[in-house]
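The values are calculated or read from the model by the stated rules, or taken from the named source; none is laboratory data. Keep in mind it's a predicted model, so treat the numbers as computed, not measured. Reconstructed Cβ throughout: ideal geometry from the backbone, glycine too, with neighbour counts over all protein chains shown.
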């Protein structure tokens, strides 16, 4: 039994038991457990690729990517461009992915170059880079980007783009509807989105078994040995940053298609800490992360922050939003301060 607990990890075991208790409490306090299951499945699927984007930088020794807003904003840029072009359905989301990932590759290259110049302080500097990039792009949303589609713009003579823009006329839930089915009258299973996330995880698993992926892992776990073996540390780190930024752009587009809205301006900051916390809760460390860490972390984190407020809100009154903030921020603090991550 002790070996099983050690393998799973006591923190993950406790969180899993707590999530199970929350599900069991749903019918007791009057929460429809089928709604809760649907929300957990949806949130798990929409966040999985976003959390996966952290893996390359962690494995390459660049630490936790607090600069993930660069990828998120790049994906938002691709999404807005697809709306401007009036691209719809699968063509629309593919357009968003192509533009967003291309933009993210350029941004990620610059980002990686900067991180290579300040080795050892990546997580601190990346936080400021993320904030600065959000501010820079906000100027573009307000004033400089020449978008003209009425869906994007403020009405009645307002300047700039709306902070929240609907995708209902373009490609909302386009992945969700692939092979979609229901269990009973309520539980929705967005098979297409889950399959897409699973495919991304599988491709990442394959990548880390290639020569480049192995070099990336070696650079993160033992840079001196990797350098002595002929690995170009700076090049490998740069590739990992570009990969993380591009995958984050891809992940936020998957997120938006399920959420059915794209959020601009300061909204990307709200996704940084939950994404980092999820991979840590899944068992990742500062220089080691796996696909299993991504899947477990995404499910546990999103499960707790989804079901917890539902149960507490029914049990203690109309305080669900406040409880959601307490629970989510509490899990973030735990993830960022646990000794295991070191």
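Would a scan of the range 295-303 turn up a residue that is buried (at least 22 other Cβ atoms within 10 Å of the Cβ), part of a helix (DSSP H, G or I) and at pLDDT below 75? So far as the range 295-303 goes, no, none of its residues is buried (at least 22 other Cβ atoms within 10 Å of the Cβ), part of a helix (DSSP H, G or I) and at pLDDT below 75. Restricted to the range 120-134, and to residues there that are closer than 17 Å to residue 223 by Cα and either exposed (fewer than 13 other Cβ atoms within 10 Å of the Cβ) or modelled with pLDDT of 85 or more (or both), the residue that is nearest to the chain's Cα centre (by Cα) is 121. When you check residue 152 against the structure, is it within 19 Å of residue 266 (Cα to Cα) and crowded, with 17+ Cβ neighbours inside 10 Å, yes or no? So residue 152 fits the description; yes. Only one entry of 207, 181, 196, 202 meets the criterion of being under 30 Å from residue 44 (Cβ atoms) and in contact with a strand residue (DSSP E or B) (Cβ under 9 Å, 6 or more places away or on another chain), and that entry is 181. Looking only at the range 147-179, residues that are over 18 Å from residue 262 (Cα atoms) and at pLDDT 85 or above come to 3 in all.
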